[in-house]
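Quick notes on the structure that follows.
The values are calculated or read from the model by the stated rules, or taken from the named source; none is laboratory data. Being a predicted model, the structure only gives us computed values, none of them experimental. Here the Cβ positions follow ideal geometry from the backbone for every residue, glycine too, while neighbour counts run over all protein chains shown. Side chains included, ligands, DNA and RNA excluded: accessible areas come from the protein's heavy atoms. Shrake-Rupley method; radii C 1.70, N 1.55, O 1.52, S 1.80 Å.
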Amino acid sequence: LSLLAEAGHSLALAQSFAKNFGLYGERVGSLSLVCADAAEASRVESQLKLLIRPMYSSPPIHGALLVNEVLSDAALRAQYDDECASMARRISDMRALLVAELSAAGSQRDWSHVTDQIGMFAYTGLTAAQCDALMEEHAVYLTRDGRISMAGVNEQNAGVIAAAIVAVAG
C-alpha cells in the first residue's frame, strides 16, 4: 500500500479479518483509501457515507474490539504472529507432503504448482469431472474448480488423498 501511495496512485484496499481471527459473521475488516488530495478524500467520504448508511446504522463492534485488543497488546500480538507463522508452516509442510505422496502413488504429473502456492487452499488443476469422481468415488471433497483445503490435509490422510487423486487424474 505504501509503495503504491508513494508512487502517486489513488487506490482502495479492502481487507477482511474473518479468517485471520476466526471472526466469521462479525464483518471485521478495513477499507483503506488513498486519495490525491483533501478535496478528493472529501468526495470519496461523501460517496462512502451514501453507500454505507442504507446498509447499516451501526456496524457490529464486538469483533473489531477483539482485533484491536490483540493487535494493541505486544504480548498478544506476538502470540498471534507466532500462531499465524506456525499455521503457515504447517500448511506449507502439508503441501510438500501431498506432492511427495502424489509422486509415491505413481503420479507422473508435475505438481509443483501446489507447493508454489500459498494460503489455506490449493488449486490442483483437476477438471470438474475429476473433482466429481474424487468426491463420489473417494470421499475427497473439494470445489469443482479443483480448489482443495490444505488445512484438511494431515500426515494421516495425505497418502489417501494422493492415491485418490492419482486414481482419477493419473
**Message:** Give the separation of the Cα centroids, region 42-84 to region 94-114, in Å.
**Reply:** 39 Å
**Fill in**
Rounded to a whole %, the carbon-and-sulfur portion of the accessible area of the chain at a 1.4 Å probe is 56 percent
**Estimated 222 nm signal from helices in the chain, with DSSP H stretches of n ≥ 4 weighted -39500 (n - 2.57), rounded to 500** = -18000 deg cm²/dmol
**Message:** Return the Rg/Rh ratio of region 1-81 with Cα-based radii and a Kirkwood Rh.
**Reply:** 1.04
**Item:** Exposure rank, largest accessible area first [E137, E45; 1.4 Å]
**Value:** E137, E45
**Asked** Summing +1 for each Lys or Arg and -1 for each Asp or Glu, what net charge is found among the other residues whose Cβ lies under 14 Å from the Cβ of L76?
**Response** -4
**Item:** Principal-axis tilt of helix 74-104 within the chain, Cα atoms, nearest 10 degrees
**Value:** 30 degrees
**S30 - accessible surface, heavy atoms, 1.4 Å probe, Å² rounded to 10** = 40 Å²
**Item:** Solvent exposure, largest accessible area first (probe 1.4 Å, DNA, RNA and ligands not counted), of I118, I61
**Value:** I118, I61
**Listed residues D110, D132, D145 arranged by accessible area, highest first, probe 1.4 Å** = D110, D145, D132
**Probe 1.4 Å - accessible area at H9, Å² to nearest ten** = 100 Å²
**Prompt:** So what does F21 come to for accessible area, using a 1.4 Å probe and Å² rounded to 10?
**Reply:** 50 Å²
